[in-house]
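Comments concern the structure below.
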Amino acid sequence: LDLELVATTKRYNETVAVDAIDHTFKSGTYSCLLGPSGCGKSSTLRMIAGHEQVSDGDILLGSANITDLPPAGRGTAMMFQNYALFPHMTVLENVAYPLRLRGVDQAERFERTSKALGEVGLSSATDRLPATLSGGQQQRVALARALVYQPKALLLDEPLSALDASLRTEMRDLITHVQRTAQIATIHVTHDQEEALSMADRIAVVHRGEILQVASPKDLYDKPFNATVAAFVGKANLWIGDVMSSTCVRTEFGDIACDASDWGIGDRVNVMVRPEAIMPLTDDQNPEQASNCFNGTLVQDRFLGAVRRYDLSVAGCVITGETGYRGSLSRISIPSDSVRLLPLQDD
């Protein structure tokens, strides 16, 4: 079933946390609400779950209006950031709890709980208490409990934030595998760009209570709607530029050849280039054979293993690049097809 927000609004006294959002989360898709702390994404999720009252608007699940229903009557399941496991219950009892609340008989409870624990790789831990489990295992229990009664929509509130880096990667794969097997609409709130890009089918970037852009991870990264989206999704060089012609924009450090055909001469724009698109030039390369070549002074060089992230000062402007090249850095090329022009924003 699709889950639809219709002018959904949340106000805390005079503060508007969620501002009349309209969006449909399609059945079977994995969607991420991505944004910084305080942007309204968690309030949106909690309204969908029924843990926050909607100030205005509606929430629809399929043909049913669930706006005013209690959490247990909505057909949604929520997995909390802190897992919220009952410490006195075994793994089996924790996962079976939602079924017991709904009056499912003991034989069916055991069958469905055992299946859910098998899906998350915890069949051998049924008699253990939460305190004896690792953080990753506790999260698996919480995931099994959220899925055991076959909800129509799965809600995930920062589910990976408490895990270390290696375990986060493992749990990403598990959660997406389980979701795709279950084929239910899933909404995942996070501030982690890499998490959203690697897990979601669709990402909604939330800013000041509004959704700025919804797109696939690739389109969001390659074609951000504006500079706010570009800066939040991945890393980006952003400069102010003036359109000089349909093929040139002037920046503070020089002219850049690019496609400016959608803009008028004299328009002021944001010029965006992703760091990995910038190409270092070696001493034996001919700058005339590359586009948008600039000389600069290396001001910072960070070794990150597979890549190095460097800052090059060009005419007083800092340009950040990422490369696997290990040689000296003083000349770069910016391929014209990697330049994207975005509307200039007031803020």
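The values are calculated or read from the model by the stated rules, or taken from the named source; none is laboratory data. Because the structure is predicted, anything quoted here is derived from the model rather than measured. As a convention, Cβ positions derive from the backbone with ideal geometry for all residues, glycine included, and neighbour counts pool all protein chains shown. Areas reflect the complete protein model, heavy atoms only, side chains present, ligands, DNA and RNA absent. Shrake-Rupley method; radii C 1.70, N 1.55, O 1.52, S 1.80 Å.
For this structure, a couple of remarks:
- Qualifying positions in the range 96-113 - surrounded by 12 or more Cβ atoms within 10 Å (Cβ to Cβ) and either closer than 23 Å to residue 46 by Cβ or among the basic types (Lys, Arg) (or both): 97, 98, 100, 109, 112
- Condition broken by residue 192, with the remaining ones in (1) modelled with pLDDT of 95 or more; (2) open to solvent by 20 Å² or more (accessible area, probe 1.4 Å); (3) under 16 Å from residue 32 (Cβ atoms) satisfied: (1)
- Filter result for residue 27 (closer than 20 Å to residue 214 by Cβ and modelled with pLDDT under 95): yes
- Sub-7 Å Cβ pairs linking a first residue in the range 306-335 that is more than 21 Å from residue 254 (Cβ to Cβ) to a second residue that is open to solvent by less than 30 Å² (accessible area, probe 1.4 Å) and part of a strand (DSSP E or B), at least 6 apart or interchain, are 307/323; 308/323; 325/280, ordered by first then second residue.
- Taken over the range 213-247, the criterion of being in contact (Cβ under 8 Å) with a residue 60 or more places away in the chain, of a type in the set (A, V, I, L, M) and in a helix (DSSP H, G or I) is satisfied by 227, 230.
- Taking the range 241-281 as the range and being open to solvent by 70 Å² or more (accessible area, probe 1.4 Å) and either modelled with pLDDT under 95 or aliphatic (A, V, I, L, M) (or both) as the test, the residues that pass are 244, 265, 279.
- Residues satisfying the criterion are absent from the range 71-85 (criterion: farther than 27 Å from residue 161 by Cα and surrounded by 13 or more Cβ atoms within 10 Å (Cβ to Cβ)).
- Filter result for residue 297 (under 30 Å from residue 191 (Cβ atoms), hydroxyl-bearing (Ser, Thr, Tyr), out of contact with any Leu (no Cβ under 6 Å at 6 or more places or on another chain) and open to solvent by 30 Å² or more (accessible area, probe 1.4 Å)): no
- The one condition in (1) part of a loop (DSSP other than H, G, I, E, B); (2) open to solvent by 10 Å² or more (accessible area, probe 1.4 Å) that residue 159 fails to fulfil: (2)
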